[in-house]
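Okay, structure first, notes after.
The values are calculated or read from the model by the stated rules, or taken from the named source; none is laboratory data. As the structure is a computational prediction, the values presented were derived from the model and not from experiment. Cβ placement follows ideal geometry from the backbone for every residue including glycine, while neighbour counts extend to all protein chains displayed.
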Amino acid sequence: MSKEISTQVVVLGAGPAGYSAAFRAADLGLDTVIIERFDTLGGVCLNVGCIPSKALLHVAKVIEEAKTVAAHGVTFGEPQIDLDKLRSYKEKVIGQLTGGLGGMSKMRKVDVVNGFGKFTGPNSIAVEGKDGTTIVNFEHAIIAAGSRPIQLPFIPHEDPRIWDSTDALELKEVPGKLLVMGGGIIGLEMGTVYSSLGSEIDVVEMFDQVIPAADKDVVRIFTKKIKKKFNLMLETKVTAVEAKDDGIYVTMEGKKAPAEPVRYDAVLVAIGRTPNGKSLDAEKAGIKVDERGFINVDKQMRTNVNNIFAIGDIVGQPMLAHKGVHEGHVAAEVISGLKHFFDPKVIPSIAYTDPEVAWVGLTEKEAKEQGIAYETATFPWAASGRAIASDASDGMTKLIFDKETHRVIGGAIVGVNGGELLGEIGLAIEMGCDAEDLALTIHAHPTLHESVGLAAEVYEGSITDLP
Ligand code: FAD
């Protein structure tokens, strides 16, 4: 059975980028259709990414906090983990949010066509769904088809004990011994969850630090703490993976590589994500897709084809939900005739680990690469009353300033809730604040966010006696 519909705007993919674009387009009065291959809206982020991982990290944090207060005379005993209940909690969180999106699209009269969409020309997409083919004819299209985990040819990915992030989030079991391949944000977050649930964790990372994008001094504070929980194997890489009856045997090479293959109960491959650009028959619409599957766009999110836009993970790094949301708004607004551009000064990055590692604006590494003269100031949480009172003194707030103007150009926070605290630094950069603006802003005491003002005071020279 085949049917045909026509619309002003079609959005291919219902992740954060896609639904944000669709809702903005509808709010601007455009007739809008979403194409999504899964039954629920929300894409990777809501279904198998940001949200379920944070639900599990929340539980992991409570487990760890319960352990911490044992040292202060309050003991809860060993946690009893009911995986079925924990999974239901995670599903409930997802359901609440994806259900909300369903309601929001109905309210806006955005039609959802379920199925896999491929271009058939510059003004049409064929969607293969359970009930046959739907041809969607459009004036404008916004491609928001996202990304998927990278797989390696020498890894037997079909073995159920070899996981990607989606498998890890399914919570089928808590493996005795888990290898996390890749010390990036996703691997470390899932490692944090499974460590709290009881797994022994090894992390193998090719570079000389985990979270390679962040500055070394920031990551060092994180590493000092997680070394107690994870066995970190830096400057080491996996060269062979063999699935045997009694476990997965992993051979490694490099600085920390064990001499013999090591047996694991499960291996989480978290070595990055790859865009879905090659599965859309984009060439039939004349859209250029690069050899990795990314689609190039200009600052208005327009592809090389005038009426077709692209947003989110599929257009490049950083592959983050909040970046896609803003790009989605720009694409919809441009289509509606507004003269808007995607031109942010900063896009924050956060590892929701324990402690959290968060940074925004330029890192020192980037400032050096760009030849920018800069200065830094840090405030150690060992000097923060709130951090000490919360058993969270293993943290640091760091600000990076333009040497000449003293304007904030970057910042990082490592510590409990660092991600929540980062917002102030992002706003400071976007608004062109200098050190004095931050130092003279009265921050409440005792809070963790006062460390931002205090780091600025360190820079101004009014605090000199830090531990
Ligand atoms: P996606 O969310 O990938 O959505 C694309 C949608 O398009 C999917 O629903 C897919 O089914 C659909 N689709 C693709 N091709 C077709 C087709 N041909 N036809 C029909 N439908 C199609 N980011 C953050 O900012 N913060 C976090 O804390 C965070 N945590 C993460 C944790 C994990 C474990 C993972 C895996 C990712 C995390 N991310 C996080 C990244 C974030 O999920 C992505 O950046 C975000 O989902 C990208 O949004 P998107 O709309 O571009 O694409």
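Could you please let me know if Glu128 is without any contact (Cβ under 8 Å) to a residue 24 or more places away in the chain and within 16 Å of the ligand (Cβ to nearest atom)?
It is true that Glu128 is without any contact (Cβ under 8 Å) to a residue 24 or more places away in the chain and within 16 Å of the ligand (Cβ to nearest atom).
Name the single residue that is surrounded by the fewest Cβ atoms within 10 Å (Cβ to Cβ) among those in the stretch 154-193 being touching an Asp or Glu at 6+ places or on another chain (Cβ under 9 Å) and without any contact (Cβ under 8 Å) to a residue 60 or more places away in the chain.
Within the stretch 154-193, the match that is surrounded by the fewest Cβ atoms within 10 Å (Cβ to Cβ) is Pro160.
Would you point out the residue of the stretch 144-164, among those that are of a type outside the set (S, T, N, Q) and within 13 Å of the ligand (Cβ to nearest atom), that is farthest from Ala310 (Cα to Cα)?
Trp163
Anything in the stretch 231-282 that is closer than 30 Å to Ala310 by Cα, among the basic types (Lys, Arg) and outside any strand (DSSP E or B)? List them, or say none.
Lys278
Just give me the residues in the stretch 175-190 being within 28 Å of Val414 (Cα to Cα), outside any strand (DSSP E or B) and either modelled with pLDDT under 95 or more than 8 Å from the ligand (Cβ to nearest atom) (or both), in sequence order.
Gly182, Gly183, Gly184, Gly187, Leu188 - these are the residues of the stretch 175-190 that are within 28 Å of Val414 (Cα to Cα), outside any strand (DSSP E or B) and either modelled with pLDDT under 95 or more than 8 Å from the ligand (Cβ to nearest atom) (or both).
So in the stretch 225-252, with the set limited to residues that are modelled with pLDDT under 95 and of a type in the set (Lys, Arg), which one is farthest from Pro160 (Cα to Cα)?
Here the answer is Lys225.
Please go through (1) at pLDDT 95 or above; (2) surrounded by fewer than 18 Cβ atoms within 10 Å (Cβ to Cβ); (3) under 26 Å from Glu420 (Cβ atoms); (4) in contact with a helix residue (DSSP H, G or I) (Cβ under 9 Å, 6 or more places away or on another chain) for Leu57 and return the number of the only condition it doesn't satisfy.
(2)
Could you pull out the residue among Asp217, Asp167, Asp111 that is away from the ligand (no atom under 16 Å from the Cβ) and modelled with pLDDT of 95 or more?
Of Asp217, Asp167, Asp111, the one residue that is away from the ligand (no atom under 16 Å from the Cβ) and modelled with pLDDT of 95 or more is Asp217.
Restricting attention to the stretch 1-35, report how many residues are surrounded by 24 or more Cβ atoms within 10 Å (Cβ to Cβ), more than 13 Å from the ligand (Cβ to nearest atom) and outside any helix (DSSP H, G or I).
The number of residues fulfilling the criteria is 2.
Can you pull out the residues in the stretch 36-60 that are more than 6 Å from the ligand (Cβ to nearest atom) and charged (D, E, K, R)?
If the condition is that a residue be more than 6 Å from the ligand (Cβ to nearest atom) and charged (D, E, K, R), then Asp39, Lys54 are the ones that fit.
Which ranges mark the helices (runs of 4 or more DSSP H) fully within the stretch 307-399 that have 3 or more residues being crowded, with 18+ Cβ neighbours inside 10 Å?
321-335
Residues being within 13 Å of the ligand (Cβ to nearest atom) and of a type in the set (Phe, Trp, Tyr): count how many of those fall in the stretch 131-143.
0
Residues being in contact with a Ser or Thr (Cβ under 8 Å, 6 or more places away or on another chain) and away from the ligand (no atom under 11 Å from the Cβ): count how many of those fall in the stretch 296-317.
3
What number of residues in the stretch 114-125 are closer than 18 Å to Val305 by Cα and either more than 9 Å from the ligand (Cβ to nearest atom) or hydrophobic (A, V, I, L, M, F, W, C) (or both)?
Within the stretch 114-125, residues that are closer than 18 Å to Val305 by Cα and either more than 9 Å from the ligand (Cβ to nearest atom) or hydrophobic (A, V, I, L, M, F, W, C) (or both) number 7.
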